[in-house]
1. For the chain, give the share of DSSP beta bridges that are antiparallel, in percent and rounded to the nearest 5; count only bridges with both residues there.
2. Please state the charge dipole magnitude for the chain, taken about the Cα centre, from unit charges on C-beta atoms (+1 on K and R, -1 on D and E), reported in debye and rounded to the nearest 20.
3. Compactness ratio of the chain: Cα Rg over 2.2 N^0.38 Å, N = residue count?
4. Order 134-146, 401-413, 337-349, 357-369 from most to least packed using the mean count of other Cβ atoms within 10 Å.
5. Expressed as a whole number of Å, what is the distance separating the alpha-carbon centroids of segment 51-108 and segment 239-282?
6. Using helices alone, what [θ] at 222 nm do you get for the chain, with -39,500 (n - 2.57) per DSSP H run of 4 or more residues, divided over all residues and rounded to the nearest 500?
7. Take the Cα coordinates of segment 361-505, assign each an equal point scatterer, and use the Debye formula without solvent to give log10 I(q)/I(0) at q = 0.16 Å⁻¹.
8. Give the aspartates and glutamates reachable from K392 as a straight Cα distance under 12 Å; neighbours fewer than 8 places away on the same chain don't count.
Amino acid sequence: MATRLTIPLAALSLSALAACSGADGESRPHVILITLDTVRADFLSCYGATTGDTPALDRVARDGAVFDRAVAASGLTPTSHATILTGKFQYGHGLRVLAAPSGYRLDEDQTGLATAFKEAGYRTGAIHSAFPVSGYFGFDNDFDEFQSFDAAMELDEDGNKVRWDIERYQRRSDETTARALEWFTQAAAEGDAPVFLWLHYWDPHDPVILPPEDELEELLYDSGSGRLLGDLSRMYAAELRYQDRNLGSLFRGLSEAGLMDDTLLAVTADHGQGLEDGLAIHGWSKHRVLYREVVHVPLILRGPGVLPGTRVRDQVRTADIAPTLIELAGLEQGLLDSDVDGVSLVERLDGQPRGHLRAYGEQINGYDDNAGMRRNRAEAAFLHMVSDGEWKLIYRPHMPERSELFHISTDPNETRNVRAAHPAEYLRLMADLAERNPWVLEPFPEVSKQVAGAPDLSSLGYSGAEQGEANWYWTCPEHGEYTASERGRHDAACGRILVPVGQWREAR
């Protein structure tokens, strides 16, 4: 584990804990961004779940604003967190995969929340629960305190997958909470600057480090209504409830320190998990896909500038979190890069409908050496998603005939592919993807050849897996018989920007 500073918990003065003033004399709140790894919105009781209580998050939800339809940009931890922190989709911030010779790090020239808050005079900190949000992926820039993990990727015994040691490089939410309270309360007590903290939890991602045995038994077998689908969901709900108890400890600690009312809280998740219903409907119980159970995540805001009891029904994106926090903190949006994809959600905090925001998501599993799942699910090698809140498209450039269109207003669980019956909607959303130009059509090059001054691959412990191959060409979505060797607009054929189509062959 890497940590730059260890501070003993000190006695706190209420006068020192008040939100600090900026150069203009305006009071600025402390800000805590909480990212819950692998947490589906529909497993929290404030989103209607009956699989287990989450009272701590429910209280925050009642005291703040709940976004009913927040959409994540990925089913992969580093890429989705990069979108949360920068306000950009993957084709904007460049972090596309978990393991490859490049494309797995957030470039230093990308301005995220830590840089923005630091430039505004905040003290910045990050306290993490697992390796996939560590400095290895470029997340450590401009944090005064960065309690994360020093590790590297390694090739598995079969030489098919690049992975990290999941047993060594994670910690449970009780330890993460204790560290967060210690650092944040002390940093706030010093009173010379407001504080920004990114706090990351991991518990429900996997059953490697479980809650204490007595609590685990209670959570597994005394879960309220008992409407649980099977062993995967029971364990998942148990870890969520234990994590919620530790979130309750965090919120109580903030209240006892006199910090809660002066702190802007944002709670979200990077992605969800398939579990039994995902397995039954879409044939997949984990993540790295783009169906509802993976990309529908919670988003809850509480604190200064947020009206309690608000529900926002419009579709929003996790890309909107960064500009929203900047505005709620009273800062200038110019602190973020000018090409952010997200927009501030502050005007929506009155709960009135203003229309859905168009969401984007992707999985570049075909060129990700950690994505061993693609060997059994070839159709998941390359996935690009766009949703306008009524319709949702998942385009597979390597298998375009397997692409899917869902009318999510009438089919929220995404059970019926209606692409053939609604060609106009399919083409409209394909045009959106074509304009974005998000395609990754070749393996990622070695980082030392791509970025001057980047660390040598061997110093990061990287060893590559055998890559698959694709033969890409360009075509018109409306006239698949037309092909071209380069991207462009072919007005004679269809008047549309061309999109890639490929033939993918997985390495064996």
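1. Antiparallel bridges make up about 60 percent of those DSSP assigns within the chain.
2. Details: 48 positive and 78 negative charges, 223 e Å.
In debye, rounded to 20, the chain gives about 1060.
3. 0.95
4. Going by the mean number of other Cβ atoms within 10 Å, highest first, we get 357-369, 134-146, 337-349, 401-413.
5. 13 Å
6. Taking each H run of at least 4 residues, the total per residue is -7000 deg cm²/dmol.
7. Reported log10 I(q)/I(0), two decimals: -0.92.
8. Correct list for K392: E404, D411, E414, E425, D432.
None of the figures in this text is laboratory data; all of them are computed from the coordinates on show. Keep in mind it's a predicted model, so treat the numbers as computed, not measured. Backbone-built Cβ (ideal geometry, glycine too); neighbour counts: all protein chains shown.
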